[in-house]
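Chemist: Following this message is one structure expressed as structure tokens.
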Amino acid sequence: MLNCHVGTFTADISPPLGHPLCGGGIEPVRGQDDPLEAVGIVLLGCGAPVVLCALDWCEIRNDAHLKWRQALADAAHTTIERVFVHAVHQHNAPIADIEAEKIIKTNNASSSLDVKYFDQCLLKTAEALKAGLAKTKKINRVGTGYGRVNQVASNRRILDAQGKVKHTRTSATKSKEVRDFPEGLIDPILRTLSFWMGEKPVVAVHYYATHPMSYYGDGMVSSDFCGLARRKRQSDSPSVFQMYFTGCAGNITAGKYNDGSKENRAILRDRIYLGMTDAWKVTYTSPITKMEVRVEQVKLGSRKEKEFSLEENLRVVADVKETKVKRTIAALKLAWAQKREQVIDVSCLDLGAASILNLPGEAFIEYQLAAQEMRPDLFVCVASYGDGGPGYIPTDKAFTEGGYEPTGAFSPPNEGLLISTISKLLGPKAPQTTIPFKRFKKKNK
């Protein structure tokens, strides 16, 4: 059993009035319903420190993602490979892509990011991390718990009889006809990974897969229903630090259960919150036996179609007659195309009884389900929305089915590469003599 320590940190990273939201594709900031936060932990005691950080932002892409990881690595005195930064993916929130913003500025298009504000957020979060290192707590056990979430997640892609996308069920779906289709393929389980010192819980980290928006586009900044559920859980037990990560939600929204009515935000919040409390009631703990980081670099590549070419996107971003949204998307495509060989990190934090798989982009739910099926002997948590540079990461089949997501996938089909990488990171199934997580001694009341 390892005797480790954990430090916690929180920083307010809310954007100022007038700042672009969702990359400038919707109304900019005109107010704040609730703050956006960077929430994280630093794990110490087994090699170099490990940092997990979740941002209440829409996306962090390319060099912006690397810069954020490096800032936290420097603050924690560790290496960038041991720092995992993910967006929760709320939409009344910023998109950060420094290279795209440079392209936008060069072409006199509308700004997507205030880089000075971005740098201020890095500094505030790094300083909060340093302060957390001064008051760490001992941990020696890891906890695992499941909670089923009802009437939140639904698959966005509704197919016709020919296997083509007929409807796209957005986060707020107005059409009752579209809402009434079955949920489709989802992962209904919220997973809570926790750290304990003996019988005393210290940190709880929640993972669930859905786009976390009830409504957006009104200029009112909000962490929305998943962020609000985390805060409600935090208020229950102030001594247990709470975090939340979004899983593989590229094709998952709350659209079946949400028509965009404002009262639904609180309803969806409480359904997520109930999943958190249910997972806590059945949490089992076991000794922390390892804290091993594994990283694989994968080359996702760029699409070859005309609409993804350098020439076409240089034309669009320079064309003052094009819409603001099209010019911004063109800049994002260019930023990805110019990234070094489109190489990106996929990683795993192995804690013995549990593993955290960290994925880039907006990965489809199929990748999360596949990861869990690979290691039924393990408690596998999945966080997507790491480096958002590649955009959506659909299955290969989705490219032939059509629909919205493939149009926002900046890389070609990569299912085989990602599945093999996930399998390598998670490792082979443990022998039968290994005690499965389901039999861990129950510790919390």
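Chemist: How many residues does the stretch 46-75 contain that are at pLDDT below 95 and in contact with a Leu (Cβ under 6 Å, 6 or more places away or on another chain)?
Modeler: Qualifying residue count for the region: 1.
Chemist: Please note which strands (runs of 3 or more DSSP E) are completely contained in the stretch 177-248 and include at least 3 residues that are over 19 Å from D56 (Cα atoms) and more than 19 Å from the chain's Cα centre (by Cα). Don't jump to the end; show me each part of the working.
Modeler: Working: elements: 189-197, 200-208, 241-246.
Those strands (runs of 3 or more DSSP E) span 189-197, 200-208.
Chemist: Then there is this: Kindly provide the set of residues from the stretch 278-304 that are farther than 16 Å from G389 by Cβ and in contact with a helix residue (DSSP H, G or I) (Cβ under 9 Å, 6 or more places away or on another chain), ordered by number. Full working, then the answer.
Modeler: Here is the first cut: in the stretch 278-304, the ones farther than 16 Å from G389 by Cβ are 278-296, 304.
Matches in the stretch 278-304: W280, Y284, S286, V293, R294, V295, E296.
Chemist: Can you pull out the residues in the stretch 197-253 that are closer than 21 Å to V85 by Cα and small (G, A, S)?
Modeler: Scanning the stretch 197-253 gives A204, A209, S222, S223, G227, A229, G247, A249, G250.
Chemist: Shifting gears a bit: Strands (runs of 3 or more DSSP E) wholly in the stretch 262-367 with at least 1 residues that are under 22 Å from the mean Cα position of the chain (by Cα) - which ones?
Modeler: On the way: elements: 284-287, 292-299, 343-350, 354-358.
So the answer is 292-299, 343-350, 354-358.
Chemist: If we scan the stretch 141-149, do we find a residue that is surrounded by 16 or more Cβ atoms within 10 Å (Cβ to Cβ), within 17 Å of S239 (Cα to Cα) and of a type in the set (G, A, S)?
Modeler: So in the stretch 141-149, the residues surrounded by 16 or more Cβ atoms within 10 Å (Cβ to Cβ) come out as 141-147, 149.
Checking the rest, the ones that are also within 17 Å of S239 (Cα to Cα) come to 141-143.
Subset that is of a type in the set (G, A, S): 143.
Checked the stretch 141-149: at least one residue is surrounded by 16 or more Cβ atoms within 10 Å (Cβ to Cβ), within 17 Å of S239 (Cα to Cα) and of a type in the set (G, A, S).
Chemist: Check whether at least one residue in the stretch 399-414 is among the hydroxyl-bearing types (S, T, Y), within 19 Å of the chain's Cα centre (by Cα), surrounded by fewer than 21 Cβ atoms within 10 Å (Cβ to Cβ) and modelled with pLDDT of 95 or more, and report yes or no.
Modeler: To start, the set of residues in the stretch 399-414 that are among the hydroxyl-bearing types (S, T, Y) comprises 400, 404, 407, 411.
When the remaining residues are screened for being within 19 Å of the chain's Cα centre (by Cα), the result is 411.
Imposing the further condition that a residue be surrounded by fewer than 21 Cβ atoms within 10 Å (Cβ to Cβ) reduces the set to none.
No.
Chemist: Additional query: Within the group E322, E296, E311, which residue is modelled with pLDDT of 95 or more, closer than 30 Å to S411 by Cα and in contact with a Ser or Thr (Cβ under 6 Å, 6 or more places away or on another chain)?
Modeler: The unique qualifying residue is E296.
Chemist: Here is a further query. K67 fails exactly one of the following numbered conditions: (1) surrounded by fewer than 23 Cβ atoms within 10 Å (Cβ to Cβ); (2) part of a strand (DSSP E or B). What is the number of that condition?
Modeler: That leaves (2) as the condition not met.
Chemist: Looking at A335, A371, can you tell me which residue is within 30 Å of P201 (Cα to Cα), crowded, with 22+ Cβ neighbours inside 10 Å and at pLDDT 95 or above?
Modeler: Details: A335 fails: within 30 Å of P201 (Cα to Cα).
Answer to the selection: A371.
Chemist: Give the residue, chosen from V178, V152, that is touching a Ser or Thr at 6+ places or on another chain (Cβ under 9 Å), among the β-branched types (V, I, T) and within 30 Å of V282 (Cβ to Cβ). So that I can check it myself, show each step before the final result.
Modeler: On the way: V178 fails: within 30 Å of V282 (Cβ to Cβ).
Unique residue meeting the criteria: V152.
Chemist: Another question, then. Taking the stretch 197-221 on its own, how many of its residues are farther than 16 Å from R271 by Cα, buried (at least 23 other Cβ atoms within 10 Å of the Cβ) and touching a Lys or Arg at 6+ places or on another chain (Cβ under 8 Å)?
Modeler: 1
The values are calculated or read from the model by the stated rules, or taken from the named source; none is laboratory data. For clarity, every value in this text was computed on a predicted model and none was experimentally measured. With ideal geometry, Cβ positions are generated from the backbone for all residues, glycine too; neighbour counts draw on all protein chains shown.
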